[in-house]
């Protein structure tokens, strides 16, 4: 098991401290990972849905961009 650490750099003194994360920081890290994974999954699903729609319509991404007046 990996021990999660945090590095604190005091720019005024130049002191750098690396220490193990406390319980609150570990909980926040876990929350951030879950949120990040959910965002990645939503983006991947949106791309799948977009591709499926283009296939159903029988058009390319370039043709869709022309129809929508955009570049994507």
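Descriptive notes on the structure:
- P(r) for the chain, from all Cα pairs and a bin width of 5 Å, is 3, 13, 11, 13, 10, 9, 8, 7, 8, 10, 7, 2, 0 %, short bins first.
- With each label modelled as a point 7 angstrom along the Cα→C-beta vector, the residue 25-residue 37 pair spans 2.2 nm.
- Pair residue 11, residue 52: separation of 7 Å Cα→Cβ label points (nm): 4.7 nm
Bear in mind that the values in this text are calculations on the coordinates, not laboratory data. Note that the structure is predicted; figures quoted are calculated from it, not measured. Methodologically, a virtual Cβ is constructed for each residue, glycine included, from the backbone with ideal geometry; neighbour enumeration extends over all protein chains shown.
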